[in-house]
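Working notes for the structure below.
The values are calculated or read from the model by the stated rules, or taken from the named source; none is laboratory data. This is a predicted model, so every value here is computed, not measured. Virtual Cβ from ideal backbone geometry, glycine too; neighbours counted across all protein chains shown.
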Amino acid sequence: MPLMGHRRFEMKPFAIRLLLWAVVAVASAFVLYLTISYAAIPLLIWLSPTLNPTLYDLGFYGGSPSQTYISNGLSSPRVSISKYDPNCDKGYTFLNYNGGSMPNPGPAILDSNSELVWKGQNFDVTTNLKVQSYMGQQYLTFWSGKKGGTMGKGVYYMLDSSYEIKHTVAAVARGSDIEGDLHEFKITKDNTALLTFYNITPADLSSLGKWKNGWVTDSGFQEVDIATGELLFEWKASEHFQVNETFMTHPFGGYIKSIPFDFFHINSVDKDSKGNYLISSRHTHTVTCISPDGEIMWILGGQRNQFKDLSGGDALNFRWQHDARWLDEQEGILTLFDNKEGGPLHVDGPYSRALMLQLDIANRTVTLLHSYISQYQTRTPSQGSAQYLPDSRHVFVGFGHSPVLSEFSLDGTLLCEVHYGAPWLHVFTTAVSYRAYRSADWVGEPRQPPAATILDDILYVSWNGATEVVAWVLQGGGTGEQEEEEWTDLDFIDKQFFEESFDLSQLSQYSQFRVGALGREGQILGYSDIAPRESSGSWWGFLLAVFLWGLASKMAWMGYKWFSQHKGASKRGVSWVVWKKS
């Protein structure tokens, strides 16, 4: 009998059926996922191994498949080699993993087999990881900070071979809110740094049909003395370009300070031997040369283009480009990445490409020498880089917003391609690296020891950042036969992967282990911390699993009995009752 002062609400049979159908649907979807992931796909790959790259690219493994290392808990993308040629460059690849599907984003180095070498930790968003020379020493450099939209505010780090921060470079504010931007950090031969900045400033936007008292995102660059932090040079786009030279459109941009209009968008800076600066502007479609006194010397592309295209229009039709660099200033050869897209409302071509152009500056002509197009003609809406590799005479291209890395012969023939995410999912920003670089000029000698962890009688070992390890030696101790601890060599393995493992199942006489890293001459480079053998507590885990399984089975049986008993309930409802005060 209901309690006094309460009404009785009964759940109707239709609601019960709806709930059951929902449970069945979710369970069926989960079972289907498990079937596809752990049965159908492995079977297909076993029957036809060539299907694996296709399934990877279609996203069957997720937007950015990852692997986690037991020895140190780090994660890195599990890449797919879409095309391979043994003649490809053997240097390291430098990336900045970002994106919604990317586990533990951050700077990373891969070897020539796409195995992880180093993964940076404890940084905010990062870009532009590469090796640069300063005062005769090699440094690992990158930007890190807060990213807002298509720009960032942060600082630039310079790490030595032990991955310790040796120098930090910042933009010079001079009373404004200028901070170092994510797009550029280039160390010059004069031991100075070129860096970009963005700054919101008032502007007259009436030429764009907007308000006279509007707001723009101004952009420019600085040259800073690394040792002293002194500002040596500064250039701002708003002082040399008109806002109506832009190709960008933004119906709401520019009316209020919180939504400024980005009319220029600088994204790279280079410097030649004469002290002239080469800059790329994405939103005006221009590559501009600026003199040491800040004046424009010439403009390639855009509304004020000063060059005649000798390649029938193929040299000047770059759009929304990135990463303009001198390759050979004496011959007038430069490289850039031609995106051909600036977002869904600004599509100007079927695919992105890297370009190698030759300029005759005296006669103001430009010629397309070579273009570089990915295997599946990727078009990426933002970011990207092009790098000439002098040792192999190849060209290495990163497709930025699309997780594609391609290597080409000089004439544009595709040699190798690696995907670190499903390319067609790039619209969801699943896996991104603003630029990608290749270099063999890096020796990593971390101060932290190798990491070793024992799990289920397998010892896993890795050394984050170490480039000189060629083999591992397993040593055992704690046999109880020595008064003082002695270590015995038990096994050797060559280093092939970032993380290697040793089987301890036949070494029960040892209670603790350590691993030594061996160099090319057989010398010990470092020892891991001592890893004690795990206790027999794994039996407790097994018993707990049995208990939980039994409990779940009991609950399922009770639920089945309850539904069976109420199967013949009257149409008025079943006894799922909710009491509520009247």
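Is it the case, given these coordinates, that Glu484 is modelled with pLDDT under 95, surrounded by fewer than 16 Cβ atoms within 10 Å (Cβ to Cβ) and not assigned by TED's automatic domain parsing to the domain that holds Glu115?
Considered against the rule, which asks whether it is modelled with pLDDT under 95, surrounded by fewer than 16 Cβ atoms within 10 Å (Cβ to Cβ) and not assigned by TED's automatic domain parsing to the domain that holds Glu115, Glu484 comes out as yes.
Given the condition more than 24 Å from Ile187 (Cα to Cα) and surrounded by fewer than 23 Cβ atoms within 10 Å (Cβ to Cβ), answer yes or no: does some residue in segment 132-147 qualify?
no
If you go through segment 291-311 one residue at a time, do you hit one that is within 29 Å of the chain's Cα centre (by Cα) and modelled with pLDDT of 95 or more?
So far as segment 291-311 goes, no, none of its residues is within 29 Å of the chain's Cα centre (by Cα) and modelled with pLDDT of 95 or more.
Could you figure out which of (1) under 25 Å from the mean Cα position of the chain (by Cα); (2) surrounded by 13 or more Cβ atoms within 10 Å (Cβ to Cβ); (3) of a type in the set (D, E, K, R) isn't true of Arg514?
For Arg514, the exception is condition (1).
Quick one: which residue in Thr479, Thr453, Thr467, Thr429 is surrounded by 15 or more Cβ atoms within 10 Å (Cβ to Cβ), at pLDDT below 95 and of a type in the set (Ser, Thr, Tyr)?
Of Thr479, Thr453, Thr467, Thr429, the one residue that is surrounded by 15 or more Cβ atoms within 10 Å (Cβ to Cβ), at pLDDT below 95 and of a type in the set (Ser, Thr, Tyr) is Thr429.
Scan segment 374-385 and give yes if some residue there is more than 25 Å from the chain's Cα centre (by Cα) and at pLDDT 95 or above, otherwise no.
Checked against the condition, which is being more than 25 Å from the chain's Cα centre (by Cα) and at pLDDT 95 or above, segment 374-385 yields no hits at all.
Within the group Gly120, Gly99, which residue is at pLDDT 95 or above and surrounded by 15 or more Cβ atoms within 10 Å (Cβ to Cβ)?
Just one listed residue meets the conditions, Gly120.
Filter segment 430-462 down to residues that are polar (S, T, N, Q) and out of contact with any strand residue (DSSP E or B) (no Cβ under 8 Å at 6 or more places or on another chain) and give me whichever is farthest from Gln138 (Cα to Cα).
Only one residue tops the list, namely Thr430.
Yes or no, residue by residue, for (1) surrounded by 19 or more Cβ atoms within 10 Å (Cβ to Cβ); (2) of a type outside the set (Asp, Glu); (3) in contact with a Ser or Thr (Cβ under 7 Å, 6 or more places away or on another chain):
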{"site": "Glu331", "(1), (2), (3)": "no, no, no"}
{"site": "Asn339", "(1), (2), (3)": "yes, yes, yes"}
{"site": "Gly343", "(1), (2), (3)": "no, yes, no"}
{"site": "His346", "(1), (2), (3)": "no, yes, no"}
{"site": "Met356", "(1), (2), (3)": "yes, yes, yes"}
{"site": "Ala362", "(1), (2), (3)": "no, yes, no"}
{"site": "Leu368", "(1), (2), (3)": "yes, yes, yes"}
{"site": "Gly398", "(1), (2), (3)": "yes, yes, yes"}
{"site": "Val404", "(1), (2), (3)": "yes, yes, yes"}
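Within the set of pairs 6 or more residues apart or between chains, which connect a residue that is outside the structural domain of Thr188 (by TED's automatic domain parsing) and under 25 Å from Leu182 (Cβ atoms) inside segment 207-223 to a residue that is part of a strand (DSSP E or B) and of a type in the set (Ser, Thr, Tyr) with Cβ atoms less than 7 Å apart?
Val216/Thr201; Thr217/Tyr198; Asp218/Thr201; Ser219/Thr196; Ser219/Tyr198; Phe221/Thr196; Glu223/Thr192
Which ones in segment 409-425 are in contact with a strand residue (DSSP E or B) (Cβ under 8 Å, 6 or more places away or on another chain) and in contact (Cβ under 8 Å) with a residue 40 or more places away in the chain?
Passing the criteria: Leu410, Asp411, Gly412, Leu414, Leu415, Cys416, Glu417, Val418, His419, Tyr420, Gly421, Pro423.
What residue, among those in segment 173-214 that are among the aliphatic types (A, V, I, L, M) and assigned to a loop (DSSP other than H, G, I, E, B), is surrounded by the fewest Cβ atoms within 10 Å (Cβ to Cβ)?
Ala173
Select from segment 154-172 the residues that are out of contact with any Gly (no Cβ under 8 Å at 6 or more places or on another chain) and part of a strand (DSSP E or B) and list them in ascending order.
Matches in segment 154-172: Tyr157, Met158, Leu159, Ile165, Lys166, His167, Thr168.
With the requirement that a residue be in contact (Cβ under 8 Å) with a residue 60 or more places away in the chain and acidic (Asp, Glu), what does segment 144-164 give you?
Within segment 144-164, Glu164 is the sole residue that qualifies.
Restricting attention to segment 261-312, report how many residues are surrounded by fewer than 17 Cβ atoms within 10 Å (Cβ to Cβ), touching a strand residue (DSSP E or B) at 6+ places or on another chain (Cβ under 7 Å) and in a loop (DSSP other than H, G, I, E, B).
7
For His167, all conditions in the list (1) free of Cβ contacts under 8 Å to residues at least 60 places away in the same chain; (2) of a type outside the set (Asp, Glu); (3) in contact with an Asp or Glu (Cβ under 6 Å, 6 or more places away or on another chain) hold save one; what is the number of the exception?
(3)
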